Every structure is written in structure tokens, then in C-alpha cells.
Amino acid sequence: MRIFDIINKKKHGKVLTDTEIKYVVDGFVQGEIADYQMAAMLMAIWFKGMNDHELAVLTQAMAKSGDMIDLSAIAGKKVDKHSTGGVGDKTTLIIAPIVAACGGKVAKMSGRGLGHTGGTIDKMEAIPGMKTALDKEEFFAIVNKLGAAVIGQTGNLAPADKKIYALRDVTATVDSIPLIASSIMSKKLAAGSDCILLDVKTGSGAFMKTLDDSIELAQKMVNIGENSGKKTVAMITDMDVPLGHAIGNSLEIIEVVKTLQGQGPQDLTEVCLQLAANMLYLIDKGSLEHCRKIAENSIKDGSAFKRFVAMVEAQGGDTTVLLDTDKFVSAPYKQAVIAQNDGYIVKMDAEECGVVSMILGAGRETKDSIIDFSAGIIINKKYGDFVKKGDELAILYTSKQAALPEAQRLYNEAIVIGKEKPVDIPLVFARVE
Ligand code: URA
């Protein structure tokens, strides 16, 4: 077998055999296939794509290039969740305790934020003492006892993806839906859960900017999951507008607490209930309607919040800040952003809001940036709201006073105020299974 022939075959749009695909992935990981040959292969896939079977074989080969986590020590069906990332997306920390309170098992590995998107692990670390690196035994023990634990990625998950992504990044091949689907799903297959719920964000603050692309990505990922023996569902949810009213790590944890106590923003609560219901549905807790009902009840009867507190305690976190959120250290500087005109908010650019939050110190510009947990934004007026000139659109929080003028200017630019009430944007656009 020669890599030259395989590249040539894909260049002409032909279907690769399982053996050829495995040869490419293994050869590249082992250093037998050069970067320039792999780059040509990736570009051929960019132009010609892969069918569902090829994609499943590619993804499985990428998953098997490193550790395949064995979750069999955790009793019952395990359900994972993946979000393609957004602004104000704190859903994992709300959904995991809901699913756990309803009898599900969530052994979740999450990531850190980079650029305008936040990461669940950073948000968790805003809780003093919270450990996000646990050894396998401790992680499994917490999930067995409480039904959920969330930690940072451990082990050597899908090293082929890491190596391929680094090459895609410098060869203009990141924006290929098949390559994105295989990249995300290789890590999900390696993470070992039985079922996978995908939250594919769509809109200005998302990786996928259009609904058509989001649906295509969702369908490809669902097909990879199903063709790899994992029950998989994808929800396409909005990320044109930030989710909830808080952006920034401590501020988002406070919003998580409110939502689990039944006092969260309507958009965040609704998205979380739909995602949680689908996770419960995947692990056979009943019809979607029933799963929605038990998810709602877990908020009403306080069991989901109790589970969150227990999970934080088990991971070493200080639960007093959850029981009294005024105990979170607050940012030394705050500044209101004021509406310049009367009218409706007709646009609220989620990506720009994420950039503002990053400038304030809540996100990372580079991998080595230090996060200010107290920094961020509380949004007072959202898309569709009527505002009067002089109203407070948002409050910016930071430890860097010098960042405030630019952050304020950019936040004003992210908001467009118009005369006509804009059409409602759905929170959930589609469900793919
Ligand atoms: N996220 C991933 O993990 N991989 C991609 O290719 C794009 C986004």
C-alpha cells in the first residue's frame, strides 16, 4: 500500500477502503507518513468529502490511536454531552446534576476556553478549592455515588486528532465539516460513554455560523456515533445571542446556582431542560415528554441543586459560595454600558460579547493567559427587549480598570438598537437522530 495512491484515489473522489483509512491514520501517528503527504490527504478530503462509512472508520481509527477509556466500573448506562462551544454556555454544570438527580450517570470530561468561548473547566475552577483533575478511581467513585462528575481531559485521548488538527490549522483545512465531525467524535468515542448528546451551536458566537452547516455537522456526527455503536442525538441550539444573562466564570456559576434553584433566565433554563431530557431519553428513562417532566421536577423539588452541591463537595469545592453566592469574590471595577437610543435590541452579536468578556479578563487570548474569575458581563437587556436611551444594557466587571473603555465601546458596537421589534430567534432549531 502506498500513501501516494491513497491520496490520488481520494483526489478523484473515490471511496477509500477501511484498510486504506487505517493505514493513513496509523502511518501518520507513527511518523511513517510525512506531514506534506497528510496535508495533501486532508485537502483531498476537504474537496471530495467522505461517505458515512468512511467517516466512521476514520473516526474510530483516530479514537483508537490513544487511550480508550473503560467506564465499565461505573454501574448503569453512561451518557456524555458535547457542546460545540459558545458564549455564556454553562449548560454542562446545570444538566449533569439534573441527569444525575433523575438516575443517569454522567462521567464528563470537559475543556478549557480559548478566545471568545468559555470552557466548563474554567468555570468550575471559579469555585474555590474545586479539583478538576481527579485520578480515575476517584472520578469513577464520585460518578457511582452521585451520578455525575466533571473533570478536565485526562490520559492520551485521540492523539491522532491532536496531530491532524495541528496540520489542519496551518493548511486551511479546519473548515471541513467531515473533518470537524471526525475530530469531535474521535474524542467522544475514546471517552467511553454508551450514549452521546451533541449540542451543536449555531450563529454568530458559534463555530458553525449558518443553520445549514450546523445541521450537516450534526447529521454527520450522529451518523458516526450510530455507526460506532453509540446511541447519539444532536440538538441544534442558538448561539447568535449569548445564552443566559451571565458571561464570565464566577458570574456564570452564580447563574448555574439560580437556574438549578428554578430562578434562572428563561432561555438558559429551557435549553438545559431540552438537553437534559434528551440525555435521559438516550439512557432509556422513558419518552421525551416523560424525561422533560422528570428533569423539570428535579429543579422544582431541589434534588438537582442538592446534587450539584454534593458533586462540588466531592470534588473538593467550597460549597458555602453556592449556598450564599454573595461570598464569591467580586471584581474591583464595574461599569455600566448605557443605551444610546430608544428602541428594540435587534442584534446582539454573541461573538463580540465573548470578545468583550475576554478583554475584561474572563477568557484566554492565548493558551497561557491567566483567567480572572471575577471578570465578565451581566446582561440586563437582551435581543428583542425594548430599551430607553440611558438604560443600563449591561454591567462589565473586571480587575483591569484600563480594559473598561475598550470593553464598553465594543459592547456598544455588539448591540444594534432598531425601531421595529425583531422576530423571535428559536432557542432550539432542530433535533437530529
Ligand atoms: N472542535 C474540534 O474538536 N475539532 C474541530 O475540528 C473543530 C472544533
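Where a number appears in this text, it was derived from the coordinates with a stated rule and is not lab data. Owing to the predicted nature of the structure, the values given are computational and were not obtained by experimental measurement. Note: ideal-geometry Cβ built from the backbone for every residue, glycine included; neighbour counts use all protein chains shown.
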Student exercise, the chain dipole from Lys, Arg, Asp, Glu Cβ charges, in Debye to nearest 20: 460 debye
Residue with peak Gaussian network fluctuation, the chain [Cα springs, cutoff 10 Å], from GLU270, GLU289, GLU137: GLU137
Dipole moment magnitude, nearest 20 debye, the stretch 63-212 about Cα centre, only Lys, Arg, Asp, Glu C-beta charged: 100 debye
Among VAL24, GLY49, ILE7 - extreme Cα towards positive end, dipole of the stretch 3-49, charges at beta-carbon: GLY49
Share, in percent, of DSSP beta bridges within the chain that are antiparallel, nearest 5: 55 percent
For LYS48, net neighbour charge (Lys/Arg +1, Asp/Glu -1) across residues whose Cβ lies under 13 Å away: +3
For the chain, calculated [θ]222 nm from helices alone, where every DSSP H run of n ≥ 4 adds -39500 (n - 2.57): -14000 deg cm²/dmol
Where N is the number of residues in the chain, Cα Rg divided by 2.2 N^0.38 Å: 0.99
Entries of LYS81/LYS285; LYS78/LYS327; LYS90/LYS327; LYS105/LYS293; LYS105/LYS131 with Cα pairs more than 25 Å apart: LYS78/LYS327
Which of GLY113, ALA34, ALA339, positive extreme of dipole for the chain (C-beta unit charges): ALA34
Whole-number percent relative contact order across the stretch 295-393, with pairs defined as alpha carbons under 8 Å at least 6 apart: 30 percent
Among PRO159, PRO405, PRO242, residue whose mean-square fluctuation peaks in a GNM of the chain (springs only between Cα atoms under 10 Å): PRO405
Of THR92, THR132, THR171, the one that fluctuates the most in a GNM where the chain has Cα springs shorter than 10 Å: THR171
Three-way shape label, the stretch 88-197, alpha-carbon gyration tensor, a/c 1.5: prolate
Shape call, the stretch 79-323: gyration tensor on alpha carbons, a/c limit 1.5: rounded
Estimated dipole of the stretch 79-323 in Debye, rounded to 20 [Cβ of Lys and Arg +1, of Asp and Glu -1, Cα centre]: 500 debye
Helix 288-300 vs. the chain, principal-axis angle (Cα, 0 to 90°, nearest 10): 40 degrees
Farthest positive-ward along the stretch 289-433 dipole, Cα basis, beta-carbon charges - from PHE328, PRO426, GLN401: PRO426
Net lengthening on full extension, ARG409/SER287 (0.36 nm per residue, minus Cα-Cα): 39.1 nm
Between helix 136-146 and the chain: long-axis angle, C-alpha atoms, 0 to 90°, nearest 10: 50 degrees
Cut-off 13 Å between beta-carbons: net charge of the residues surrounding LYS400, Lys and Arg +1, Asp and Glu -1: -2
Set of lysines with alpha-carbon distance to LYS388 below 26 Å, sequence-local pairs under 8 removed: LYS334, LYS347, LYS419, LYS421
Shape of the stretch 3-49, Cα gyration tensor, a/c cut at 1.5: oblate
Radius 13 Å from Cβ of SER298, net charge of other residues (Lys, Arg +1; Asp, Glu -1): +4
Distant-in-sequence amide H partners of LEU393 (H built 1.01 Å from N, under 5 Å): VAL337, ILE338, ALA339
Pairwise Lys count, the stretch 133-257 - Cα closer than 16 Å, eight or more residues apart or different chains: 14
Nearest-ten-degree value, helix 303-314 long axis tilted from longest Cα axis of the chain: 70 degrees
